[in-house]
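One structure below.
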Ligand SMILES: [Zn+2]
């Protein structure tokens, strides 16, 4: 049976105004002076600590803050936490706390940027509806498994749209993150994929390789807690949630060892990862890729820094699979040149496989899916 795997990069969320990674620090700094449902002081406190870290520990001049790469903030912090050593003025415990606060700032920054956007997110809803339409038949035929999405993005645009499409379909399916999840806030519609299949429902597979802004995990039992829409900030971050299972099992409501933590992972740090659920997602992504007859990359430039994803693609995609690369619309010389470079990177990487460029932009591509059009453009038209 034919199976299409979609691999999404930052370019997928860009038309909906999501910040790309290099813009996130600037977006964080813009949070100062903002209003956050009466929690302004919490955010202000986090911002003060973050700027103090940039200025005193990383020794950056405040006028250069926004030029700092996110990797250069997290790589030393992650390294010190894993090795149990201190970084400058911060001991290990303080580093873990600081990292949580920066994660919260990232989540707020992405959330703010998306909610202030005036651009249309309807193409994300259309893509979600397309996925649900493809998969629905699974309710009567368990072997029907034509599609899965692998995403490198932290934002939850597609997650929310899929959830919405399923809610509109009488809750007949679930968003399947392909690991074991619990609902953060007793939402009966949040269930693991295997549970859904056992109940005669369908699962829309969305494998988020770098974590997600709507996930919190328990460092003790390794459960992953999930909320949709904007509930994660409301319930997870503001209220400093503890794992409800560990609280009961270990009778430990007063300790912090089961305080839930964010799940955003830097691509450069994946190899040191000891998070069980993320490992499971990578394992499941490798299975999905090995079954692919077609792999469609949307808004992903195949950067060298993503070497963990590159090795996964290299190991698991079958030789006969067709590769399609959805790139931005080739309107002017700059976009043509950038598309040509991206395409060259793909062709070199995928060698003798067929690589088809689709230089129409995400929105037009999604529209073509809904109308079953073929939009492949040859190299010469780029
Ligand atoms: Zn727990």
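The values are calculated or read from the model by the stated rules, or taken from the named source; none is laboratory data. Every value quoted in this text rests on a predicted model; they were computed, and no experiment measured them. Counting neighbours? That spans all protein chains shown, and the Cβs are built from the backbone with ideal geometry, glycine included.
Whether any residue in the range 103-121 is over 27 Å from residue 34 (Cβ atoms) and in the same structural domain as residue 27 (by TED's automatic domain parsing) is what I want to check. For the range 103-121, residues over 27 Å from residue 34 (Cβ atoms) and in the same structural domain as residue 27 (by TED's automatic domain parsing): absent.
Restricting the range 256-275 to residues that are more than 22 Å from the chain's Cα centre (by Cα) and modelled with pLDDT under 75 leaves a set whose member that is nearest to the ligand (Cβ to nearest atom) is 257. From the list 283, 304, the one residue that fits, being in a helix (DSSP H, G or I) and either closer than 30 Å to residue 179 by Cβ or at pLDDT 95 or above (or both), is 283.
Listed here are the residues, each with its yes/no results for (1) free of Cβ contacts under 8 Å to residues at least 24 places away in the same chain; (2) under 26 Å from residue 120 (Cα atoms); (3) in the same structural domain as residue 132 (by TED's automatic domain parsing); (4) touching a strand residue (DSSP E or B) at 6+ places or on another chain (Cβ under 7 Å).
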{"position": "8", "(1), (2), (3), (4)": "no, yes, yes, yes"}
{"position": "12", "(1), (2), (3), (4)": "no, yes, yes, yes"}
{"position": "28", "(1), (2), (3), (4)": "no, yes, no, no"}
{"position": "33", "(1), (2), (3), (4)": "yes, no, no, no"}
{"position": "37", "(1), (2), (3), (4)": "no, yes, no, no"}
{"position": "40", "(1), (2), (3), (4)": "yes, no, no, no"}
{"position": "49", "(1), (2), (3), (4)": "no, no, no, no"}
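Being touching a helix residue (DSSP H, G or I) at 6+ places or on another chain (Cβ under 6 Å) and in a loop (DSSP other than H, G, I, E, B) is the filter here; which residues of the range 32-83 pass it? Within the range 32-83, 32, 36, 60, 68 meet the criteria.
Let me confirm something: among 181, 248, 237, which residue is touching a strand residue (DSSP E or B) at 6+ places or on another chain (Cβ under 6 Å) and either away from the ligand (no atom under 16 Å from the Cβ) or modelled with pLDDT of 85 or more (or both)? On inspection, the qualifying residue turns out to be 181.
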